[in-house]
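Here is the structure we will look at, set down as structure tokens.
The values are calculated or read from the model by the stated rules, or taken from the named source; none is laboratory data. What you see is a predicted model, and the numbers here were worked out from it, not measured in a lab. Glycine also receives a Cβ, built like all others from the backbone with ideal geometry; neighbour counts cover every protein chain displayed. Accessible surface areas use protein heavy atoms only, side chains included; no ligands, DNA or RNA. Shrake-Rupley method; radii C 1.70, N 1.55, O 1.52, S 1.80 Å.
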Amino acid sequence: MPTELEELVSFLSSPSPQLTKAAVDIVRGLTGSDEGMHSLAKYSSTVLSSLSRLLNAPKEVSEPAAEALVNLSQDSNLAAEMVRNGMVKTAMEVLYKPESSITRLLVMLLVNLTQLDAGSASLLQTEDDKVHGLYVMKLVRSFCRTTHEDHDDPFEHVGSILVNISKQQAGRQLLLDPKRGLLKQIIRQFDSNSSLRKKGVSGTIRNCCFEAENQLQNLLLVSEFLWPALLLPVAGNKIYNEEDRSKMPLELGTALSIEREPVTDPEIRTQALEAIYLISLQDAGRRAFWSVNGPRIVQVSYEDEEDPKVMEAYEQLGSLLIHSSGEETSGETTK
């Protein structure tokens with residue numbers, strides 16, 4: 001005789017809409033606690049496949065099904081099972097159906113799944129050259145097209161997906177491919193008022209800068225947008241004098257000539273400084289940084305920084321700039 005839980009799970013596939021609706025609501029409730037998650041995990045194969053099918057149902061059923069999957073995907077073992085069973089593909093297919101009404105939840109599900117290497121690889125479609133990068137291009141387009149000033153911003157979590165996939169070399173190479181132009185589109189979202197978008201953009205830039213040794217040219221191709229995105233977060237709200245601004249590109253100097261809202265999130269400031277550090281490890285990257293008067297901004301803004309982790313990132317960058325400057329001066333002297 002089936003247990004109560006087995007019976008509940010079977011109702012997820014009931015031909016009766018009322019029974020299915022009642023069952024999925026109860027399952028959603030169970031996923032809100034560790035005990036409930038543990039109980040459902042015993043029937044994970046049936047639960048996950050049933051909930052996956054229900055993503056195509058009307059909103060009153062698809063929404064609790066998606067919420068349950070988001071909760072379940074926080075467990076790495078269940079998330080891995082979802083990835084193996086093609087949940088990334090399912091989520092992307094449902095996400096771009098015109099009648100889909102669970103966009104935010106599906107994006108959040110993809111955030112959780114791409115925290116796994118296998119999930120990122122699935123989203124990157126690394127095993128199929130014909131469609132490689134198609135899912136990511138769709139998500140970037142949606143991320144950049146949505147009106148992020150609206151209260152409802154269903155694609156704002158795409159920034160977190162981009163951070164996840166850019167932890168893998170395949171993801172970084174895709175984003176840095178100049179023919180696709182994805183990084184340029186992403187960086188421009190740093191102007192958003194959404195802190196979630198800003199953090200996603202800064203984390204993605206920072207991860208992409210790990211490719212600076214081999215892809216510096218592709219990074220600097222978008223320098224018009226890259227340097228403001230990296231330097232404005234650390235510049236605070238100070239107005240820089242005309243002499244300093246005259247040594248900067250117009251887009252950076254103009255921004256630093258007026259009062260502006262400071263970036264209060266220390267994680268974003270840290271990521272920006274780490275990205276600059278990774279670029280500056282390369283001789284050409286360091287020259288590019290000096291050419292926009294970046295060291296002056298770092299020097300001025302360091303004086304007002306109070307967060308220990310951000311100060312550590314400043315000091316790491318400062319040490320590199322001083323050391324490399326000394327080496328270059330020594331090299332010129334011995335010539």
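Answer rounded, prolate or oblate for the chain, using the Cα gyration tensor with square roots of eigenvalues a ≥ b ≥ c: rounded when a/c is under 1.5, else prolate when a/b is larger than b/c, else oblate. Prolate, because a/c is 1.5 or more and a/b exceeds b/c.
Near Ser223, once Lys and Arg are set to +1 and Asp and Glu to -1 for all other residues with Cβ below 14 Å from its Cβ, the sum equals +2.
Sorted by accessible area with a 1.4 angstrom probe, largest first, how do Glu243, Glu81 fall?
Ranked list, largest accessible area first: Glu243, Glu81.
Take the Cβ atoms of Glu224 and Ser76, set R0 to 30 Å, and the FRET efficiency comes out at 0.15. Farthest toward the positive end of the dipole of the chain, out of Met108, Leu183, Ile268, is the Cα of Leu183, where the dipole comes from beta carbon charges about the Cα centre. Taking Pro266, Pro64, Pro15 in turn, the Gaussian network model of the chain (Cα-Cα springs below 10 Å) assigns the largest fluctuation to Pro15.
Go ahead and set up a Gaussian network model of the chain, Cα springs under 10 Å, then flag whichever of Val201, Val234, Val131 fluctuates most. Maximum fluctuation in the GNM of the chain, among the listed residues, is at Val131. One chain, two ends: Asp283 and Ser246. Fully extended at 0.36 nm per residue, the span grows by 11.0 nm beyond their Cα-Cα distance. Given a 1.4 Å probe and the protein chains as shown, Glu67 ends up with an accessible area of around 50 Å².
Determine the shape class of the range 48-130: with a ≥ b ≥ c the square roots of the Cα gyration tensor eigenvalues, call it rounded for a/c under 1.5, and otherwise prolate if a/b is greater than b/c, oblate otherwise. Present the calculation step by step, with values, prior to reporting the outcome.
Details: a/c = 2.00, a/b = 1.33, b/c = 1.50.
Oblate, since a/c reaches 1.5 and b/c is not below a/b.
Length available on full extension from Thr264 to Phe210: 0.36 nm per residue minus the Cα-Cα distance, which gives 17.0 nm. For the pair the range 56-101 / the range 11-42, the C-alpha centres are spaced 14 Å from each other. What you get for the chain, charging only the Cβ of Lys and Arg (+1) and of Asp and Glu (-1), is a dipole of about 1080 debye around the Cα centre. Take the alpha carbon gyration tensor of the range 153-297, find the square roots of its eigenvalues, order them as a ≥ b ≥ c, and report rounded if a/c is under 1.5; if not, report prolate when a/b exceeds b/c, else oblate. In terms of gyration-tensor shape, oblate. With a threshold of 18 Å on the Cα-Cα distance, the over-threshold entries among Lys130/Lys179; Lys89/Lys179; Lys97/Lys198; Lys184/Lys309 are Lys89/Lys179; Lys97/Lys198; Lys184/Lys309. Potential lengthening of the chain between Glu303 and Gln169 amounts to 44.7 nm, from the contour at 0.36 nm per residue minus the alpha-carbon distance. Considering only Ser62, Ser325, Ser120, the mean-square fluctuation computed in a Gaussian network model of the chain, springs between alpha carbons under 10 angstrom, is largest for Ser325.
Quick one: if the Förster radius is 51 Å, what FRET efficiency do Lys238 and Asp34 give, using the C-beta to C-beta distance and rounding to 0.05? E(calc), rounded to 0.05, equals 0.60.
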